[in-house]
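The values are calculated or read from the model by the stated rules, or taken from the named source; none is laboratory data. Keep in mind it's a predicted model, so treat the numbers as computed, not measured. Positions of Cβ are backbone-derived with ideal geometry, glycine not excepted, and every protein chain shown enters the neighbour counts.
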């Protein structure tokens with residue numbers, strides 16, 4: 001009945017590899033033809049064989065096309081063989097299915113204060129790619145080709161989820177004037193903000209990002225604890241009155257003079273930058289405290305779209321326990337602080353109790369107000385971070401183990417040491433793309449963050 005097809009498998013939208021079945025092509029064409037009054041099964045099989053002919057021309061036996069690639073070929077065959085009405089019905093069917101998938105994803109990503117659906121989807125994806133446990137992940141890492149394939153698949157899924165998010169924002173683009181991306185420290189807000197801005201820009205909308213970190217008060221004005229450490233993990237560490245004033249002015253179309261903060265010196269620069277929101281622009285805010293009432297509560301709800309991101313890592317260790325999301329973010333921040341903020345890993349661990357206190361009090365409770373919840377974790381990142389951090393952690397443990405007042409820091413250092421100690425180390429991370437969220441922390445990003 002069907003001709004021999006060179007390809008034996010294809011990739012579904014969720015990344016799963018399945019067997020290519022020409023009967024499914026026939027059924028899809030038949031449904032489209034039936035929608036416009038056609039019921040010729042023999043003709044439908046003949047068209048499927050023409051699809052197979054084009055597949056054999058386009059792909060060799062070792063290639064792996066996607067579902068979308070095959071559907072594009074089906075459309076081409078229908079149009080070129082004089083079945084315009086069937087082609088139109090088929091295209092409409094594809095569009096409807098795409099909308100259904102996006103609506104389903106939107107429902108899954110925005111459920112409740114604890115995003116069970118997002119967590120379940122992440123665990124399912126990891127299981128499908130054999131990386132839901134450290135033991136399985138280690139097997140992948142031993143083979144550089146398999147590791148790079150995991151990176152490729154994970155980045156593809158991240159991009160797909162970004163597009164779902166962008167589509168949800170797009171639905172409200174006519175009324176909103178501000179998109180707020182919030183979430184706890186080192187969840188990947190900055191990269192995700194830039195990537196969503198790019199997605200929407202491709203759809204004809206101009207987004208203008210304002211970096212709220214520039215509104216930090218000078219470090220010398222922050223109170224110190226008994227260890228000489230600053231507590232700047234609180235919304236009050238930001239100049240909230242000035243932020244509120246500037247946001248209101250921007251929404252009204254006025255120009256502001258945005259401050260510039262130097263993280264290395266801990267001070268605002270004397271220079272400022274002029275910033276204005278034009279009528280065709282939407283303001284984009286990337287901030288830990290973007291949902292905090294003191295920052296954006298005065299802006300009408302219908303003018304805001306609230307996007308929340310967390311590292312919803314679903315990886316089990318050797319004891320069957322899931323890796324803590326906060327530990328993944330701590331590791332990210334240790335690398336970023338060391339590389340870009342002149343803050344060594346020991347200080348980051350010692351300071352983390354402030355981070356957690358601010359998150360628990362001011363950030364995580366606001367998750368329930370989000371219009372969309374996004375997972376910023378990557379399934380392959382922990383073995384990569386081991387290369388950058390592992391050598392620093394044992395000395396941190398040794399320093400804090402005999403300090404009762406630093407018991408929290410010791411326990412965190414001990415936990416992340418034991419976690420990384422289970423993992424194979426990735427030495428060569430060159431296959432991680434330049435626009436990956438992980439590049440925000442390990443360096444080498446092609447994105448411009450400032």
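Counting only residues that are part of a helix (DSSP H, G or I) and touching a helix residue (DSSP H, G or I) at 6+ places or on another chain (Cβ under 6 Å), which one in the range 416-441 is surrounded by the fewest Cβ atoms within 10 Å (Cβ to Cβ)?
417
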**Message:** Name the residue that is farthest from residue 153 (Cα to Cα), counting only residues in the range 28-45 that are surrounded by 15 or more Cβ atoms within 10 Å (Cβ to Cβ) and free of Cβ contacts under 8 Å to residues at least 24 places away in the same chain.
**Reply:** 43
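Every residue, every condition in (1) in contact (Cβ under 8 Å) with a residue 24 or more places away in the chain; (2) surrounded by fewer than 16 Cβ atoms within 10 Å (Cβ to Cβ); (3) in contact with a helix residue (DSSP H, G or I) (Cβ under 6 Å, 6 or more places away or on another chain), yes or no:
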residue: 156; (1), (2), (3): yes, yes, no
residue: 174; (1), (2), (3): no, yes, no
residue: 188; (1), (2), (3): yes, no, no
residue: 196; (1), (2), (3): yes, no, yes
residue: 214; (1), (2), (3): yes, no, no
**Prompt:** Does residue 98 satisfy being under 33 Å from the mean Cα position of the chain (by Cα), at pLDDT below 80 and in a helix (DSSP H, G or I)?
**Reply:** yes
**Prompt:** Within the bounds of the range 359-381, is there any residue that is in the same structural domain as residue 328 (by TED's automatic domain parsing), at pLDDT 90 or above, in a helix (DSSP H, G or I) and over 30 Å from residue 301 (Cβ atoms)?
**Reply:** yes
**Prompt:** Are any residues in the range 265-323 assigned to a strand (DSSP E or B), closer than 30 Å to residue 133 by Cβ and free of Cβ contacts under 8 Å to residues at least 40 places away in the same chain, and if so, which ones?
**Reply:** 322
**Item:** Search result, residues across the range 338-355 that are in a helix (DSSP H, G or I) and surrounded by fewer than 20 Cβ atoms within 10 Å (Cβ to Cβ)
**Value:** 338, 339, 340, 346, 347, 353, 354
